[in-house]
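For reference, the structure discussed in these notes is given below.
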């Protein structure tokens, strides 16, 4: 069965040497080596099986079986050669020939595309960046990028010079333009937005916006003010709406006050933030008024009950009779006073 992957890792060795996941060193008069594989993955659900041939020269090599899992991501190759024999008879070059035959539960990195080498069946154009070649397919670029569509539509040339870009960054951007499993992070999202704007690639811009809106397990959070600045700079309306809607209290607004990026945000966005703060303030006031009104309403009901009780008390027959008697006496006294007054006036006349 042919291997899934094959790698040759040369190491120039003196006293101690490292290269990627390989380490060689002398200890107790012997030459030893350590191989690590997928050491950052703590999950127990992956494994890699293969072989490793360690060669010290054209005709001298040793073979080892490799098996790595989540619980065992390193392998020690002990007593490869006696140090004295190695230093006396061999050059300082050691080669590790690794053949991988079985991979289980590991993210397939092979979906990344090598844009540094020609591929006649896939690539039919060249981008020159910093004097170096990047191989691309014109149809893919024209499909997703209005910038490249204009260039390749108006020109029959298959080699285009891109000014003002960095070689590694353009290759990184192409991994997001093509259907690969490239990973977006807080360290590259702004860079990808810049290139998506420059090359007018909506699909990458949308992917960046979705990433900024979503939560990311284990990912370092992006400054709140920076998110707002990116939303403004790249016209990410959905992100801006998410930010505004996430402000539900004055406490939520505080991170903006301490963000250095917020000072760079334009006036139009700051007005939207102010409007949102006013909405929050009005909502708080309405809530307080509602509680007060509720208490008044309850108090009114209690007062009404007291009034009703007083009314019920006033219906006592004895009280009614007494009140009518007093009223009758007052009325008679008043009438007598009026008669006396009229008699005095008559006598005077």
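What's the extension gain from residue 130 to residue 99 if we count 0.36 nm per residue and subtract their Cα-Cα distance?
Working: separation 31, 0.36 × 31 = 11.16 nm, distance 3.54 nm.
Gain on stretching residue 130 to residue 99: 7.6 nm.
Rounded to the nearest 0.05, what FRET efficiency is calculated for residue 194 and residue 64 with R0 set to 56 Å and r the Cβ-Cβ distance?
Values: r = 47 Å, r/R0 = 0.83.
Efficiency at R0 = 56 Å is approximately 0.75.
What relative contact order, as a whole-number percentage, does the range 7-156 give when Cα pairs under 8 Å and 6 or more residues apart are counted?
Numbers: 242 pairs, mean separation 33.9, N = 150.
It comes to 23 percent, rounded to a whole number.
For the range 24-173, what does the alpha-carbon gyration tensor say about shape, rounded, prolate or oblate, given a ≥ b ≥ c as the root eigenvalues, a/c under 1.5 as rounded, and a/b over b/c as prolate? Could the numbers behind the result be given before it?
Working: a/c = 3.39, a/b = 2.14, b/c = 1.58.
Prolate, because a/c is 1.5 or more and a/b exceeds b/c.
In nanometres, what is the gap between the two model label sites at residue 238 and residue 281, each 7 Å from Cα along Cα-to-Cβ?
Distance between label points: 3.3 nm.
Sticking with the crude label model, points 7 Å out along Cα→Cβ, report the distance from residue 53 to residue 25 in nm, one decimal please.
Result: 2.9 nm between the two label points.
Each value in this text was obtained by applying a stated rule to the coordinates, not by laboratory testing. From a predicted model like this one, the values you see are computed outputs, not experimental measurements. Ideal geometry is used to build each Cβ from the backbone, glycine not excepted, and the neighbour counts take in all protein chains shown.
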